[in-house]
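Structure, as structure tokens:
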Amino acid sequence: MCEAPRAAGDAAAAAAADVDVVTSGGRRRIPAHSSVLASASPVLESILQRRLKKHRDGGKAGRAVVRIRGVTDDAAAAFVRLLYAGSSGGGGEEEEEIEEKSAAQVLVLAHAYRVPWLKRRCEEAIGSRLTAESVVDAMQLAGLCDAPALHLRCTRLLAKEFKAVEKTEAWRFLQDNDPWLELDILQRLHDADLRRRKWRRKREEQRVYVELSEAMDCLRHICTEGCTEVGPVGRAPAAAPCPAYATACRGLQLLIRHFSRCHRTSCPRCQRMWQLLRLHAALCDLPDGQCDTPLCMQFRRKEEERAAAKAGDDDDKWGLLVKKVKVARAMSSLGKRRQMSSSQS
């Protein structure tokens with residue numbers, strides 16, 4: 001059976017073909033042009049040079065023969081057709097020609113014959129159709145064909161639907177016949193889970209640093225601007241909330257009021273206030289005597305004494321906390337300036 005490539009055009013173009021691509025079963029002969037095949041694949045170029053030279057030297061009639069083995073006739077025909085489509089600068093319509101039944105075999109051919117653009121399209125075609133039933137086979141194929149994009153999509157689907165994948169026949173077959181790949185998949189899923197947990201932990205830590213940075217700004221706002229949203233003792237709080245810090249200002253004022261009255265040495269709320277005052281002193285950049293926050297100077301002197309006693313050792317937990325809050329304040333300030341500049345423009 002003969003099948004002219006679509007990109008070859010009419011019968012005249014097929015007659016101008018100088019090679020026949022023969023499939024594994026030998027039931028299909030596809031007339032093709034050596035220049036097109038050679039330009040698409042360096043492996044085919046090397047094969048064609050030898051075959052054409054042998055054909056000419058032998059004085060044989062007809063066209064030289066190039067065999068594509070190891071795949072079905074339909075997959076081989078699809079491979080040649082896609083090579084022609086790529087050589088003619090085909091667009092999105094040709095991408096639809098990578099059918100589901102032949103996509104895996106075309107990927108193998110694209111890898112074997114070193115056609116990177118076709119390999120990427122096959123990865124996309126297979127990856128877009130991944131299911132729990134097919135993901136194990138697709139991951140094995142990605143490993144054999146060195147297809148990182150497909151491997152990544154398989155890993156993501158495995159992480160998302162691993163319980164469904166465990167129930168498939170493909171996974172049970174993998175457990176019985178390829179324990180090393182099973183171990184590799186489980187290790188990758190474990191590593192991905194550790195990375196997610198680490199990212200969530202870091203995000204939670206960053207949120208705490210941002211909240212502490214806002215608390216420092218709110219504390220300076222209360223002590224410098226004299227915000228009295230809570231109101232005097234025995235009276236109702238102010239009708240309108242603080243316009244600058246909303247509920248955070250009221251909560252901090254309540255904490256300050258409790259701190260000024262409580263006389264318990266083990267009060268957790270008072271200990272929290274002590275920590276906020278100490279953190280403020282570590283971050284305060286005002287000259288001596290110009291800060292209105294209570295106990296600022298006392299805490300600054302104590303921190304200087306601790307720093308001198310430690311001989312410049314800044315790796316303690318408190319020093320690390322101060323550094324993190326400083327970074328959070330700088331990033332928050334930068335974000336606010338960008339918002340203001342964008343709103344003004």
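The values are calculated or read from the model by the stated rules, or taken from the named source; none is laboratory data. Since we're looking at a predicted model, the values are computed, not measured. Here the Cβ positions follow ideal geometry from the backbone for every residue, glycine too, while neighbour counts run over all protein chains shown. For accessibility, only protein heavy atoms count, side chains too; no ligands or nucleic acids. Shrake-Rupley method; radii C 1.70, N 1.55, O 1.52, S 1.80 Å.
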Over the stretch 139-168, the set of residues acidic (Asp, Glu) and either touching a residue at least 12 places away in the same chain (Cβ under 8 Å) or in contact with a strand residue (DSSP E or B) (Cβ under 8 Å, 6 or more places away or on another chain) (or both) is Asp146, Glu161
Among the residues of the stretch 56-79 satisfying the criterion of being crowded, with 18+ Cβ neighbours inside 10 Å and out of contact with any Asp or Glu (no Cβ under 9 Å at 6 or more places or on another chain), which is nearest to Ala110 (Cα to Cα)? Phe79
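Quick check, is Leu295 surrounded by 13 or more Cβ atoms within 10 Å (Cβ to Cβ) and either within 17 Å of Met216 (Cα to Cα) or touching a residue at least 60 places away in the same chain (Cβ under 8 Å) (or both)?
It is true that Leu295 is surrounded by 13 or more Cβ atoms within 10 Å (Cβ to Cβ) and either within 17 Å of Met216 (Cα to Cα) or touching a residue at least 60 places away in the same chain (Cβ under 8 Å) (or both).
With open to solvent by less than 50 Å² (accessible area, probe 1.4 Å) and modelled with pLDDT under 90 as the only criterion, which of Ile126, Ile98, Ile47 stands out?
Only one candidate qualifies: Ile98.
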The conditions are (1) under 30 Å from Arg114 (Cβ atoms); (2) open to solvent by less than 100 Å² (accessible area, probe 1.4 Å), and Ala159 fails exactly one of them. Which is it? (1)
Expected single match for of a type in the set (Gly, Ala, Ser), open to solvent by less than 70 Å² (accessible area, probe 1.4 Å) and at pLDDT below 90 among Ala85, Ala132 is Ala85
Test each condition in (1) touching a Lys or Arg at 6+ places or on another chain (Cβ under 7 Å); (2) more than 30 Å from Val327 (Cβ to Cβ) for Tyr209 and report the one that comes out false. (2)
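Can you tell me which residue in the stretch 243-289 is modelled with the lowest pLDDT, limited to those that are small (Gly, Ala, Ser), farther than 19 Å from Arg329 by Cβ and not in a helix (DSSP H, G or I)?
Step by step, filter the stretch 243-289, then rank; the result is Gly289.
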Restricted to the stretch 29-63, and to residues that are touching a strand residue (DSSP E or B) at 6+ places or on another chain (Cβ under 7 Å) and outside any helix (DSSP H, G or I), which residue is farthest from Ala85 (Cα to Cα)? Arg63
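Is it fair to say Leu194 is open to solvent by 60 Å² or more (accessible area, probe 1.4 Å), modelled with pLDDT of 90 or more and within 30 Å of Leu141 (Cβ to Cβ)?
Yes: the conditions hold for Leu194.
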Listed residues Glu205, Glu182; which is within 24 Å of the chain's Cα centre (by Cα), touching a residue at least 60 places away in the same chain (Cβ under 8 Å) and either farther than 27 Å from Trp274 by Cβ or open to solvent by 60 Å² or more (accessible area, probe 1.4 Å) (or both)? Glu205
Please go through the stretch 6-41 and pick out each residue that is in contact with a helix residue (DSSP H, G or I) (Cβ under 9 Å, 6 or more places away or on another chain) and modelled with pLDDT under 50. Arg6, Ala7, Ala8
